[in-house]
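Chemist: Handing you this structure, nothing more for now.
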Amino acid sequence: MTKTIEALLTETRIFNPSDKLVKESNVKIWMNRHGIKTYEELLEKAKNTEWFWDEIAKELEWFKPWNRVLEWIPPHARWFIRGEFNIAHNALDRHINTPRQNKTAYIWEGERGGVRKLTYHDLYQESNKLAAALKNLGIKKGDRVMIYLPMILELPIAMLACAKIGAVHCVVFSGFSPNALRERVNNAEAKIIITADGGYRRGKIIQTKKNTDEALRNTPTVKNVIVVRRTGEQIEMAPERDLWWDEIVKNTSAPSETQTTPLSSEDELFILYTSGTTGKPKGVVHVHGGYAVGIYNTLKWVFDVKEKDVWWCTADIGWVTGHSYAVYAPLMLGTTSIMYEGAPDYPSPDRWWSIIEKHKATILYTAPTSIRMFMKYGEEWTKKHNLSSLRLLGSVGEPINPEAWMWYYKNIGNEQCQIMDTWWQTETGNFMISPLPITPLKPGSAAKPLPGIEADVVDEDGRPVVGKGGYLVIKKPWPAMLRTLYKDLGRYEQQYWSKFLDSYLAGDIARKDEDGYFWFQGRADDVLNIAGHRIGTAEVESALVSHPAVAEAAAIGVPDVIKGEIIKAFIILKKETEPSAELEKELKSWVGKEISPIAKPELIEFVESLPKTRSGKIMRRVLKAKELGESLGDTSTLEE
Ligand code: WTA
């Protein structure tokens, strides 16, 4: 008899992988090849970090091998010293002249239903053409190219074209506002922006070109805008500056001749901006060599990707999950990936399930917030489709609550698929704490640090703690770690490496149980997690105070059933301004326009004063405790 979810939960049941999954898993095959019998033995051996990563890196193609695996002068690591490498060569070139060239790299489905497939050879050709066009426009190694595109195939093509010639790409999520785009363009000092005439989302058109034009007021470094034709809408094209993608690639010479530039392992691949604790986003910098090695192996092992798999990472490529696991890692593994343009529940709540059925997805990787949304729509929508092609599931972005875990396990995985709950960050580049297909699962826990990763939970003094919450730290460098924050080395050192000596501070609170399983509990800092997206409270606040009616603002996260957290803003208005429902609405859309709709506060409360420390810092902790009806904790620094 099947038990209820509640009964299963109270048992804190452990979910063991099937013998078949274990036996055939990529990690097990690797262990056998290295004469390693147990997982414990693998972890022990991988503590020899240099041996471990040396073995993994050999699975990729290098123009010239490295002569040293790691140089670690805390907090700065360089990996695969003197190696010559290019991630684009591994993602594309190395499949050409092998049977893989005819394998489908992407099955893309548009929101309006169209399907476009690209083989590895097609993808290679298209990237080569754009790479040649970028070169013609004067883009050289190290130049920054901004990419502001919706979820269309030109997005991975553009990233690969940049990588190929050693240009540094900087993708900005297409849901970001013109102001947010401008700030990033100027910080990166980009020469070119690649965008589209528009994109489709929930039946509407998102105006990426119009936003770009608005963003480009006051961006002195930008010389050209490359525009993909997607919607065919009438848009303005600035003479000289704006160029149609299809026209510039038409005139490039034989595309197969665009040589991939051999780079140093440590050459920059991309900058990706993410939210931190200040109002200014941080430009996380990743490099070609170590990043490639890390993401390649984690996808291969954690999701056990095999030749016949159809992989679907639902993340937008504008975030790190899309960079690592919808573009580079699956391509390096020669995988077929699904890419979907639009909203998950458009035109009906079974859109995703129809995609899985139609394209026979075998592995699905998504976020708890999406699962909770589908839970709300109910099982009638999942039952309409045959999801039996699925063999593994994954979760990322926030802790997955056991209820969502069980729903995912039962309704999507038909109780046949293990769920890989992967903890990682933009900064870490790849999965850090995650089960493998050989790991017994505890719903709600991301299991243990992966081989080659040494993580722990420590107290305020840096002492390891078990059974209670503490700071998550990584105690050794790893190949895919961020190298710096763009143009801000000081912030890199201060933010991640100053609290505990030579340990990376992730900013998350976690608990380690007696079995060594990690349970994530949220952020330790003023970073919110709204539907799996990182937003800094300071960003929301600075957007609010830029409105003429606002004197002061404080933003906090409030628990929400679907999004995990939503934003509540407390606002002190300027004198002579009266609170009103209209003003509340206006402020919400103001933040949407200043940053992005995902950063909109859902709740606004107009107040007379805010709790502050004597030095004038807003105590968000106090606001939050009051909001949730909890004890106010230590208020000794509170002014009043
Ligand atoms: C949170 C997304 C619990 C965490 C890949 C982290 C998670 C932040 C998980 C990074 C997970 C991500 N369990 N929390 N499996 N995955 N997080 O940079 O707080 O957008 O610090 O990278 O998301 O968000 P980012």
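The values are calculated or read from the model by the stated rules, or taken from the named source; none is laboratory data. Computed from a predicted structure; not experimentally measured. We place every Cβ from the backbone using ideal geometry, glycine too, and count neighbours over all the protein chains shown. In case anyone asks, the SASA skips ligands and DNA or RNA and just uses the protein heavy atoms, side chains included. Shrake-Rupley method; radii C 1.70, N 1.55, O 1.52, S 1.80 Å.
Chemist: If you scan the stretch 512-529, which residues turn out to be over 30 Å from Glu40 (Cα atoms) and either within 11 Å of the ligand (Cβ to nearest atom) or assigned to a helix (DSSP H, G or I) (or both)?
Modeler: Answer for the stretch 512-529, where residues must be over 30 Å from Glu40 (Cα atoms) and either within 11 Å of the ligand (Cβ to nearest atom) or assigned to a helix (DSSP H, G or I) (or both): Ala524, Asp525, Val527, Leu528, Asn529.
Chemist: Let me ask something else. Taking the stretch 496-508 on its own, how many of its residues are open to solvent by 40 Å² or more (accessible area, probe 1.4 Å) and in contact (Cβ under 8 Å) with a residue 24 or more places away in the chain?
Modeler: 3
Chemist: Is it the case, given these coordinates, that Pro368 is open to solvent by less than 10 Å² (accessible area, probe 1.4 Å) and either within 24 Å of Lys410 (Cβ to Cβ) or of a type in the set (Gly, Ala, Ser) (or both)?
Modeler: yes
Chemist: For residues that are in a loop (DSSP other than H, G, I, E, B) and open to solvent by less than 10 Å² (accessible area, probe 1.4 Å), tally how many sit in the stretch 310-336.
Modeler: Counting residues in the stretch 310-336 that are in a loop (DSSP other than H, G, I, E, B) and open to solvent by less than 10 Å² (accessible area, probe 1.4 Å) gives 4.
Chemist: Another question about this same structure. Contact list please: Cβ distance under 7 Å, first residue in the stretch 532-556 and at positive phi, second residue open to solvent by 10 Å² or more (accessible area, probe 1.4 Å), pairs at least six apart or on different chains.
Modeler: Taking only residues 6 or more apart or on different chains, the pairs are Gly532/Ala367; Gly532/Thr369; Gly532/Gly397; Gly532/Glu398.
Chemist: For the stretch 473-495, how many residues are polar (S, T, N, Q) and either assigned to a strand (DSSP E or B) or crowded, with 16+ Cβ neighbours inside 10 Å (or both)?
Modeler: 2
Chemist: Mind checking whether some residue in the stretch 422-437 is assigned to a strand (DSSP E or B), among the small types (Gly, Ala, Ser) and either free of Cβ contacts under 8 Å to residues at least 12 places away in the same chain or within 14 Å of the ligand (Cβ to nearest atom) (or both)?
Modeler: So far as the stretch 422-437 goes, no, none of its residues is assigned to a strand (DSSP E or B), among the small types (Gly, Ala, Ser) and either free of Cβ contacts under 8 Å to residues at least 12 places away in the same chain or within 14 Å of the ligand (Cβ to nearest atom) (or both).
Chemist: State whether one or more residues within the stretch 162-174 are in contact (Cβ under 8 Å) with a residue 24 or more places away in the chain, under 27 Å from Leu263 (Cα atoms) and in contact with a Cys (Cβ under 8 Å, 6 or more places away or on another chain).
Modeler: Yes, the stretch 162-174 contains at least one residue that is in contact (Cβ under 8 Å) with a residue 24 or more places away in the chain, under 27 Å from Leu263 (Cα atoms) and in contact with a Cys (Cβ under 8 Å, 6 or more places away or on another chain).
Chemist: How many residues, within the stretch 87-109, are open to solvent by less than 10 Å² (accessible area, probe 1.4 Å) and aromatic (Phe, Trp, Tyr)?
Modeler: Residues meeting the conditions: 1.
Chemist: Looking only at the stretch 359-402, count how many residues are within 27 Å of Ala510 (Cα to Cα) and not hydrophobic (A, V, I, L, M, F, W, C).
Modeler: Qualifying residue count, the stretch 359-402: 13.
Chemist: Of all residues in the stretch 14-65, which are in contact with a strand residue (DSSP E or B) (Cβ under 9 Å, 6 or more places away or on another chain), open to solvent by 40 Å² or more (accessible area, probe 1.4 Å) and not aliphatic (A, V, I, L, M)?
Modeler: Asn16, Ser18, Glu50, Trp51, Glu61, Trp62, Phe63, Lys64, Pro65
Chemist: Which residues, taken from the stretch 486-508, are over 20 Å from Leu450 (Cβ atoms) and within 13 Å of the ligand (Cβ to nearest atom)?
Modeler: Scanning the stretch 486-508 gives a single hit, Gln495.
Chemist: Another question, if that's okay. Go through the stretch 247-267 and count every residue that is modelled with pLDDT under 75 and either buried (at least 19 other Cβ atoms within 10 Å of the Cβ) or of a type in the set (A, V, I, L, M) (or both).
Modeler: Total satisfying the criteria: 1.
Chemist: Run down Ile139, Ile147, Ile157 and say which single residue is closer than 30 Å to Thr208 by Cα, in contact with a His (Cβ under 7 Å, 6 or more places away or on another chain), open to solvent by less than 50 Å² (accessible area, probe 1.4 Å) and of a type in the set (Val, Ile, Thr).
Modeler: Ile147
Chemist: Taking the stretch 110-134 on its own, how many of its residues are open to solvent by less than 20 Å² (accessible area, probe 1.4 Å) and either outside any helix (DSSP H, G or I) or among the aliphatic types (A, V, I, L, M) (or both)?
Modeler: Residues flagged as open to solvent by less than 20 Å² (accessible area, probe 1.4 Å) and either outside any helix (DSSP H, G or I) or among the aliphatic types (A, V, I, L, M) (or both) within the stretch 110-134 amount to 9.
Chemist: For the stretch 438-453, which residues satisfy the criterion of being under 19 Å from the mean Cα position of the chain (by Cα) and part of a strand (DSSP E or B)?
Modeler: If the condition is that a residue be under 19 Å from the mean Cα position of the chain (by Cα) and part of a strand (DSSP E or B), then Pro449 is the only one that fits.
Chemist: Answer with yes or no whether Ser354 is of a type in the set (S, T, N, Q) and assigned to a helix (DSSP H, G or I).
Modeler: yes
Chemist: Tally up the residues in the stretch 497-506 that are within 15 Å of Glu460 (Cβ to Cβ) and outside any loop (DSSP other than H, G, I, E, B), please.
Modeler: Selection size over the stretch 497-506: 1.
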